[in-house]
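Report on one structure; see the data block that follows.
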Amino acid sequence: MLRAEGLDKAYGPTTALAGVSFAVQAGEVVAVMGPSGSGKSTLLHCLAGIVRPDSGTVTYDGRDLATLSDARLSALRRGDFGFVFQFGRLVPELTCAENVALPLRLAGERRRSAERRAVEWLERLETADIAGKRPGEVSGGQGQRVAVARALVTAPRVVFADEPTGALDSLNGERVLELLTDAARDTGAAVVLVTHEARVAAYADREVVVRDGRVRDLAGVA
Ligand SMILES: Nc1ncnc2c1ncn2[C@@H]1O[C@H](COP(=O)(O)OP(=O)(O)OP(=O)(O)O)[C@@H](O)[C@H]1O
Ligand SMILES: [Mg+2]
């Protein structure tokens, strides 16, 4: 479904990716592991068409992302991809339900139905009680669940999650991962899950290790 071949990316003198290849199938959860600074976020951003690689190709459903216009690419990101960012922030002025509804509203859905669907996702993420609160009024774990609900509400075909549990204690973090990967498997979405924690990989079907911008693919760990 989503495939990268021979990706290179440098930031000035720093090599972030050096000949990385990667693929994920529909319904598959892949953990991208590796130490800090190894290139995990850069790989995810290239796969999602947020960062253009210096060389190499990313194809989604057989389409080379480099051949798409900026408008087509952002339509693809809005319609087909969902994101839980490493430094992902909720919009502080909006309630949690409004934050989750935001991608639907941006896609032109009416407020009432968008917020109804948003609340359904908050229920699924076990946080319906905070729907009317603002992000500043909820705990870190609750905010993380809201971010996951926001990533899933558009029924994306690929979910990109960059350290989705980075700020959480392990019990809460594992529950969020379980909810994220269960929801993705239910909807047949592919998941690219970036983490440097080994325990997170237990939620993946497959594990890929990035080290100094290069990838080492491990056998299935499901
Ligand atoms: N916008 C940028 N400008 C300059 N250098 C960058 C930029 N983004 C990443 N880098 C560098 O590229 C390398 C890979 O960074 P990347 O963010 O992909 O690592 P990571 O594996 O996600 O690390 P972490 O686990 O800490 O999030 C690092 O050396 C980093 O400093
Ligand atoms: Mg990172």
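The values are calculated or read from the model by the stated rules, or taken from the named source; none is laboratory data. These numbers were taken from a predicted model, which means no experiment stands behind them. Here the Cβ positions follow ideal geometry from the backbone for every residue, glycine too, while neighbour counts run over all protein chains shown.
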Single unsatisfied condition, K9 versus (1) in a loop (DSSP other than H, G, I, E, B); (2) within 16 Å of ligand 2 (Cβ to nearest atom); (3) of a type in the set (D, E, K, R): (1)
Set E163, E98, E115: member being within 16 Å of ligand 1 (Cβ to nearest atom), crowded, with 17+ Cβ neighbours inside 10 Å and of a type outside the set (K, R): E163
Options G19, G37: the member that is without any contact (Cβ under 8 Å) to a residue 40 or more places away in the chain and surrounded by fewer than 16 Cβ atoms within 10 Å (Cβ to Cβ): G37
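Output the residues belonging to region 22-34 that are away from ligand 2 (no atom under 13 Å from the Cβ) and in contact (Cβ under 8 Å) with a residue 40 or more places away in the chain.
First pass over region 22-34, keeping only residues away from ligand 2 (no atom under 13 Å from the Cβ): 22-31.
Within region 22-34, F22, V24, Q25, A26, G27, E28, V29, V30, A31 meet the criteria.
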Selection within region 163-201 - outside any strand (DSSP E or B), at pLDDT 85 or above and more than 22 Å from S139 (Cβ to Cβ): A184, R185, D186, T187, G188, A189
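On the given criteria, is T154 part of a loop (DSSP other than H, G, I, E, B), of a type outside the set (D, E, K, R) and either more than 16 Å from the chain's Cα centre (by Cα) or modelled with pLDDT under 90 (or both)? I'd like the intermediate steps shown before the answer.
Values: part of a loop (DSSP other than H, G, I, E, B): yes; of a type outside the set (D, E, K, R): yes; either more than 16 Å from the chain's Cα centre (by Cα) or modelled with pLDDT under 90 (or both): no.
No.
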Qualifying residue in region 170-179 (condition: closer than 20 Å to S36 by Cβ, surrounded by 19 or more Cβ atoms within 10 Å (Cβ to Cβ), among the polar types (S, T, N, Q) and without any contact (Cβ under 8 Å) to a residue 60 or more places away in the chain): no
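Does G140 count as more than 17 Å from the chain's Cα centre (by Cα), farther than 25 Å from L7 by Cα and modelled with pLDDT under 95? Steps first, please.
On the way: more than 17 Å from the chain's Cα centre (by Cα): yes; farther than 25 Å from L7 by Cα: yes; modelled with pLDDT under 95: yes.
Yes, satisfied.
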Residues of region 177-197 satisfying the condition of being more than 16 Å from ligand 2 (Cβ to nearest atom) and either farther than 15 Å from L47 by Cβ or hydroxyl-bearing (S, T, Y) (or both): L177, E178, L179, L180, T181, D182, A183, A184, R185, D186, T187, G188
Residue match in region 50-71 (condition: loosely packed, with under 13 Cβ neighbours inside 10 Å and within 11 Å of ligand 1 (Cβ to nearest atom)): no
Test: residue in region 58-78 that is polar (S, T, N, Q) and within 16 Å of ligand 2 (Cβ to nearest atom): no
